[in-house]
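Novice: Right, I'll just put the structure down here and ask away after.
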Ligand SMILES: NC(=O)c1ccc[n+]([C@@H]2O[C@H](COP(=O)([O-])OP(=O)(O)OC[C@H]3O[C@@H](n4cnc5c(N)ncnc54)[C@H](O)[C@@H]3O)[C@@H](O)[C@H]2O)c1
Ligand SMILES: [Zn+2]
């Protein structure tokens, strides 16, 4: 039995060893709406008052500066909303505006500023930190909320496609320290998540596109019908049509939630990471370009690469790689970046060091998800570097011909 360890004493020596064992159930709502802060929309107030409907709840709001700039009346809206539900809600301070995008994750400074607020405003473990913004700021503010007093209640209002369909509904937070992506972070399920589609209207075109790659990803590893639906809706999605976009976000969020909640490893203790399909190359590409390439854009390239590699290594039927790439191009992704064939100091392609870094970050055995069919991911533990560079060449040829 694995639990015995290599020498067997753990199970045999009842005198020396007491076993501690418990599990903690987590349950949180992920709601989809429009105009979340309109006074007649009680979803947020309900989330903040759930489980203790008879008291007044203290909250501090943190806003992504990209959102603050695009929604100049947000502070007034928040104040008016809290006033409407004043029997149950109390705003502790003016919302704090923090940098949006990867910049917020590149240091500990902004996490610390929110920790300072937590202290100054006497936010306790029954008070709330409400974060409104993109995936990067939610990661940083989530870390502050998870660590202040060992965890204060954290409500997320994700405002990008990627944070609504993937990161915001998940259970992780982090900042990048030591030049390593997501080096410092924790697993900490939120109190509640409220996806307001209206926020998406003010995204830059590239941010509207970028998060769709996470939908392609989860469709490819889990849900063929969703992949065909994405093909069918590709033009509408590229034009950001609301009905198709909302379906894509909701289904993608649901598949991520199902994987986290029902696949048996929400806190990623094992080596398998199906939701990281396409991500080893994506993380490397983001780092190599100092985040000039957005996470979702890098994931699209990572999916293209690992789909081609799946074909080259005999796992996926020839032609399906092209089909996957064609979909992502129709959705608006570019599938080439010059950093992909850069040679590192050791003479090895810099991209391939991303495999080692991916393993180091995750711990355990190298586990990369590939495809055997549309909708079916397979775990592999070895990647042939030369074959992977053939996949890179293929992408370059496609992009330049
Ligand atoms: N925790 C997880 O499980 C997880 C999973 C996937 C990705 N992530 C992380 O998410 C991050 C990427 O997040 P993202 O794709 O949401 O982008 P982002 O957070 O980097 O935001 C992109 C830009 O959009 C701006 N912005 C946000 N909302 C806006 C709005 N409504 N209107 C106008 N501008 C707006 C931001 O200020 C920023 O400049 C990466 O750091 C990635 O590592 C985390
Ligand atoms: Zn991702």
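Novice: Among the residues of region 268-279, write down those that are within 12 Å of ligand 1 (Cβ to nearest atom) and not in a helix (DSSP H, G or I).
Specialist: 268, 273, 278
Novice: Another question, if that's okay. Filter region 379-393 down to the residues that are within 15 Å of residue 270 (Cα to Cα) and over 21 Å from the mean Cα position of the chain (by Cα) and list them by number.
Specialist: Taking region 379-393 as the starting set, the residues that turn out to be within 15 Å of residue 270 (Cα to Cα) are 379-381.
Passing the criteria: 380, 381.
Novice: Follow-up. Could you tell me whether residue 162 is assigned to a strand (DSSP E or B), under 16 Å from the mean Cα position of the chain (by Cα) and at pLDDT 95 or above? Explain how you work it out, then say what you get.
Specialist: On the way: assigned to a strand (DSSP E or B): no; under 16 Å from the mean Cα position of the chain (by Cα): yes; at pLDDT 95 or above: yes.
In short, no.
Novice: Another question about this same structure. Looking at region 157-166, is at least one residue crowded, with 16+ Cβ neighbours inside 10 Å and away from ligand 2 (no atom under 16 Å from the Cβ)?
Specialist: The first filter runs over region 157-166 and keeps only residues crowded, with 16+ Cβ neighbours inside 10 Å, leaving 157-166.
With away from ligand 2 (no atom under 16 Å from the Cβ) added as a condition, the list becomes 157, 159.
For region 157-166, residues crowded, with 16+ Cβ neighbours inside 10 Å and away from ligand 2 (no atom under 16 Å from the Cβ): present.
Novice: Go through region 176-199 residue by residue and tally those that are within 9 Å of ligand 1 (Cβ to nearest atom), surrounded by fewer than 23 Cβ atoms within 10 Å (Cβ to Cβ) and assigned to a helix (DSSP H, G or I).
Specialist: 1
Novice: Could I ask something else about it? Which of the residues spanning region 286-296 are more than 12 Å from ligand 2 (Cβ to nearest atom) and over 17 Å from residue 328 (Cα atoms)? Spell out the reasoning first.
Specialist: Within region 286-296, the subset more than 12 Å from ligand 2 (Cβ to nearest atom) is 287-293.
If the condition is that a residue be more than 12 Å from ligand 2 (Cβ to nearest atom) and over 17 Å from residue 328 (Cα atoms), then 287, 288, 289, 290, 291, 292 are the ones that fit.
Novice: Are there any helices (runs of 4 or more DSSP H) wholly within region 6-110 with 1 or more residues that are within 25 Å of residue 205 (Cα to Cα) and within 16 Å of ligand 1 (Cβ to nearest atom), and if so which?
Specialist: Working: elements: 9-12, 43-49, 65-70, 74-84.
Correct list: 65-70, 74-84.
Novice: Taking residue 344 as the residue in question, decide whether it is at pLDDT below 95, more than 16 Å from residue 215 (Cα to Cα) and more than 15 Å from ligand 1 (Cβ to nearest atom). Spell out how you get there, then give the answer.
Specialist: Values: at pLDDT below 95: yes; more than 16 Å from residue 215 (Cα to Cα): yes; more than 15 Å from ligand 1 (Cβ to nearest atom): yes.
Against the criterion (at pLDDT below 95, more than 16 Å from residue 215 (Cα to Cα) and more than 15 Å from ligand 1 (Cβ to nearest atom)), residue 344 qualifies.
Novice: To continue, here is another question. For region 129-156, which residues satisfy the criterion of being in a loop (DSSP other than H, G, I, E, B) and crowded, with 24+ Cβ neighbours inside 10 Å?
Specialist: Initially, region 129-156 is screened for residues in a loop (DSSP other than H, G, I, E, B), giving 134, 151-152.
Scanning region 129-156 gives a single hit, 134.
Novice: Okay, next question. Among the residues of region 286-332, which ones are crowded, with 21+ Cβ neighbours inside 10 Å, more than 12 Å from ligand 1 (Cβ to nearest atom) and at pLDDT below 95?
Specialist: Within region 286-332, 288 is the sole residue that qualifies.
Novice: Would you point out the residue of region 362-373, among those that are more than 15 Å from residue 305 (Cα to Cα) and surrounded by 15 or more Cβ atoms within 10 Å (Cβ to Cβ), that is farthest from the chain's Cα centre (by Cα)? Reasoning before the result, please.
Specialist: The initial filter retains those residues of region 362-373 that are more than 15 Å from residue 305 (Cα to Cα), namely 362-367, 373.
So of that shortlist, the ones also surrounded by 15 or more Cβ atoms within 10 Å (Cβ to Cβ) come out as 362, 366-367.
Numbers: 362: 15, 366: 21, 367: 19 Å.
This residue is 366.
Novice: Could you please give the count of residues in region 297-345 that are without any contact (Cβ under 8 Å) to a residue 60 or more places away in the chain, within 16 Å of ligand 2 (Cβ to nearest atom) and farther than 21 Å from residue 203 by Cβ?
Specialist: The number of residues fulfilling the criteria is 1.
Novice: Quick test of your reading of the structure: residue 315 fulfils all but one of (1) out of contact with any strand residue (DSSP E or B) (no Cβ under 6 Å at 6 or more places or on another chain); (2) in a loop (DSSP other than H, G, I, E, B). Name the failing condition by number.
Specialist: If we test residue 315 against (1) out of contact with any strand residue (DSSP E or B) (no Cβ under 6 Å at 6 or more places or on another chain); (2) in a loop (DSSP other than H, G, I, E, B), just (1) comes out false.
Novice: I've got another one for you. From the list 282, 253, 298, which one is closer than 27 Å to residue 27 by Cα, within 16 Å of the chain's Cα centre (by Cα) and assigned to a helix (DSSP H, G or I)?
Specialist: Answer to the check: 253.
Novice: Now, a different point. Got at least one residue in region 116-124 being over 23 Å from residue 50 (Cβ atoms) and within 16 Å of ligand 1 (Cβ to nearest atom)?
Specialist: There is no residue in region 116-124 that is over 23 Å from residue 50 (Cβ atoms) and within 16 Å of ligand 1 (Cβ to nearest atom).
Novice: Determine whether residue 354 is exposed (fewer than 13 other Cβ atoms within 10 Å of the Cβ) and either modelled with pLDDT of 95 or more or in contact with a helix residue (DSSP H, G or I) (Cβ under 9 Å, 6 or more places away or on another chain) (or both). Give the derivation first.
Specialist: Details: exposed (fewer than 13 other Cβ atoms within 10 Å of the Cβ): no; either modelled with pLDDT of 95 or more or in contact with a helix residue (DSSP H, G or I) (Cβ under 9 Å, 6 or more places away or on another chain) (or both): yes.
So residue 354 does not fit the description; no.
Novice: Looking at this structure, is residue 19 farther than 20 Å from residue 153 by Cα and touching a helix residue (DSSP H, G or I) at 6+ places or on another chain (Cβ under 8 Å)? I'd like the intermediate steps shown before the answer.
Specialist: Details: farther than 20 Å from residue 153 by Cα: yes; touching a helix residue (DSSP H, G or I) at 6+ places or on another chain (Cβ under 8 Å): no.
So residue 19 does not fit the description; no.
Novice: Restricting the search to region 338-348, which residues are in contact with a helix residue (DSSP H, G or I) (Cβ under 6 Å, 6 or more places away or on another chain) and not in a helix (DSSP H, G or I)?
Specialist: Going residue by residue through region 338-348, those that are in contact with a helix residue (DSSP H, G or I) (Cβ under 6 Å, 6 or more places away or on another chain) are 339-342, 344.
Within region 338-348, 342, 344 qualify.
The values are calculated or read from the model by the stated rules, or taken from the named source; none is laboratory data. Quantities reported herein were computed from a predicted structural model and do not represent experimental measurements. Cβ atoms come from the backbone with ideal geometry, glycine included; neighbour counts cover every protein chain shown.
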